[in-house]
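The structure appears right after this line, and notes come after that.
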Amino acid sequence: MSEDVQQDRYARFAAAYANGQRPPWDSGIVPPEVIALATGAQALPPGCALDLGCGTGVSAVYLAQHGWQVTGVDWIAEAITRAVERAASAGLSADQAAFLQADVTDGAFLRDHPPVDVWLDIGCLHGLPDAGQQIYAQHAARLVRPGGIMRLYAWRQHERDGRFIGLNPDQMAALFHPAFVVEDVVFGQDDASDVRPSAWYWLRRQV
Ligand SMILES: C[S@@+](CC[C@H](N)C(=O)[O-])C[C@H]1O[C@@H](n2cnc3c(N)ncnc32)[C@H](O)[C@@H]1O
């Protein structure tokens, strides 16, 4: 991916967290799809999770409070600082909730991290350039154990400022094929700031 595109994206995200600002997506609300991983009829047994593009750690901290061992990753230092503070305020140790500053499109991303049971992504993948999405998919295949799951929220494809962004379910399936299979898709609409078609995915790492 071009250096310019990458630097532009980084600068936009860094600006969103700068000067004590709260980015528009940082509602502090744990999505019901994350709550359902930890409690209720469909809950999974607690295990290890990665939260990609974890922001200020709202979902990562929630899962850690429910017995999961979570590593949250974001490329913006300020987001990681706030996530660490959130975990400390919740009384969580670094063994329960760890946070790392890293770029998921870096070839060496989490090179020594063991595979996890759950890969969570709320809004990171869908904004990456195509080449970054390909690298992301390779990391996911390496970092999710066979039989593990990916729980992912992404915009569906739509036009914005003259270009198409987001992924439709067929593109999602193709991106992660053959390592993952899409088991469920629920369409929604993100209208927190403006209207965008979105979806929550449940993908399973093939054995
Ligand atoms: C829309 S925000 C969502 C944050 C969080 N998941 C939430 O729900 O509040 C997307 C996050 O992905 C992070 N991000 C974007 N590109 C990234 C990359 N290449 N590597 C790591 N994090 C990235 C951003 O810094 C931002 O915090």
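Where a number appears in this text, it was derived from the coordinates with a stated rule and is not lab data. Quick caveat, the model's predicted, so the values are computed rather than measured. Neighbour counts are summed over all protein chains in view; Cβ atoms, including those assigned to glycine, are modelled from backbone coordinates with ideal geometry.
Ordered by the count of other Cβ atoms within 10 Å of each Cβ, fewest first, 56, 105, 81 give 81, 105, 56.
Dipole check for the chain: with +1 at the C-beta of Lys and Arg, -1 at the C-beta of Asp and Glu, and the Cα centre as origin, the magnitude is about 340 Debye. The three principal axes of the Cα atoms in the chain give end-to-end lengths of 46, 44, 34 Å, sorted in falling order. Taken along the Cα-to-beta-carbon direction at a fixed 7 Å, the label points for residue 113 and residue 41 span 3.3 nm.
Amide H contacts of residue 167: 155, 156, 157, each under 5 Å away and 5 or more positions distant or on a separate chain (H built 1.01 Å from N in the peptide plane; Pro and chain starts excluded). With r defined as the distance between the Cβ atoms of residue 7 and residue 101 and R0 fixed at 25 Å, what FRET efficiency is calculated, to the nearest 0.05? Efficiency for this residue pair is about 0.95. Using just its DSSP H runs of length 4 or more, each adding -39500 (n - 2.57), the chain gives a mean residue ellipticity at 222 nm of -9500 deg cm²/dmol after division by all residues.
Max-minus-min Cα coordinates of region 1-110 on each principal axis give 45, 31, 25 Å, with the largest extent listed first. Each residue of region 83-90 was assigned a 3J(HN,Hα) from its phi angle through the Karplus curve 6.51 cos²θ - 1.76 cosθ + 1.60 (θ = phi - 60°); the sequence is 5, 4, 5, 4, 5, 5, 4, 7 Hz, with glycine and proline shown as x. Residue by residue, region 65-70 carries 3J(HN,Hα) couplings of 5, 10, x, 7, 9, 10 Hz when phi is fed to the Karplus relation 6.51 cos²θ - 1.76 cosθ + 1.60 (θ = phi - 60°); x denotes Gly or Pro.
Convex hull of alpha carbon positions in region 98-207: directionally averaged projected area 7.4 nm².
Using C-alpha pairs under 8 Å with a sequence gap of at least 6, the mean separation divided by the residue count of the chain gives a relative contact order of 16 percent. Couplings 3J(HN,Hα) for region 151-168, derived from phi with the Karplus relation 6.51 cos²θ - 1.76 cosθ + 1.60 (θ = phi - 60°), are 10, 9, 10, 8, 5, 7, 5, 7, 8, 9, 6, x, 9, 8, 10, x, 10, 8 Hz, where x marks Gly and Pro.
Taking every DSSP beta bridge that has both ends in the chain, the antiparallel portion is near 50%.
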